[in-house]
1. Can you run down the residue pairs with Cβ atoms below 8 Å, 6 or more apart or on separate chains, where the first is in region 118-143 and under 13 Å from Pro96 (Cβ atoms) and the partner is in a helix (DSSP H, G or I)?
2. Restricting region 39-86 to residues that are part of a loop (DSSP other than H, G, I, E, B) and touching a Phe, Trp or Tyr at 6+ places or on another chain (Cβ under 9 Å), which is nearest to Tyr120 (Cα to Cα)?
3. In region 104-147, what residues are touching a strand residue (DSSP E or B) at 6+ places or on another chain (Cβ under 6 Å), in a helix (DSSP H, G or I) and surrounded by fewer than 17 Cβ atoms within 10 Å (Cβ to Cβ)?
4. Using the structure shown, decide if Gln77 is farther than 14 Å from Ala26 by Cβ, in contact (Cβ under 8 Å) with a residue 60 or more places away in the chain and among the polar types (S, T, N, Q).
5. Scan region 87-102 for residues that are assigned to a strand (DSSP E or B) and either in contact (Cβ under 8 Å) with a residue 60 or more places away in the chain or out of contact with any helix residue (DSSP H, G or I) (no Cβ under 8 Å at 6 or more places or on another chain) (or both) and report the count.
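FYI, it's all coordinate maths here, none of it is from the lab. Computed from a prediction, not measured in an experiment: that's the story for all the values here. Cβ atoms come from the backbone with ideal geometry, glycine included; neighbour counts cover every protein chain shown.
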Amino acid sequence: MASRLLSASSRAASFLRISVAHRGFASVVNGLKYAESHEWVKIEDNHATVGITDHAQDHLGDVVYVELPEVGAAFKQGDSFGAVESVKATSDIYSPVSGEVIEVNEELNNSPGLVNSSPYEKGWIMKVIMKDPGELASLKDAGAYSKFCDEEDAKH
């Protein structure tokens, strides 16, 4: 009896792990670069638009506040430049590239939920002039980032 119960519970645990991995899957956009800290970057010439990924916003839940950096501030790759506060948690946001902030998405002050509803378009957070385009080589493409997220989710 105990072994059948154990077998049933391990099947249930196995099922739960599979169902989490195959949820209404978070989108990843080809052509963007991704940091392991779950920020994306879109490159146009030497300008970079930065936001948090669909995977990140999905795990955070409903975003209620976004702390934006100051225009003119300079960040190195990996520096914290702001935070996203949700109903579940507050998370720092890290710059995927080094550069100087030239624009922030002021619309997030009134509509922080854009990070949830449109993480790759209307929910962007900042635009920077990149200091070192070579840093892009350390970021993941869409396929590698998807695999990274799958592996990370499987651990939890």
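1. Ile125/Leu108; Ile125/Val115; Lys140/Phe148
2. Within region 39-86, the first condition is being part of a loop (DSSP other than H, G, I, E, B), and the residues that meet it are 45-46, 53, 61-62, 68-73, 76-79.
Checking which are touching a Phe, Trp or Tyr at 6+ places or on another chain (Cβ under 9 Å) leaves us with 53, 68-69, 73, 77-79.
Details: Thr53: 7, Leu68: 16, Pro69: 18, Ala73: 22, Gln77: 20, Gly78: 20, Asp79: 21 Å.
The qualifying residue nearest to Tyr120 (Cα to Cα) is Thr53.
3. Leu136, the sole residue that qualifies.
4. Yes, satisfied.
5. 8
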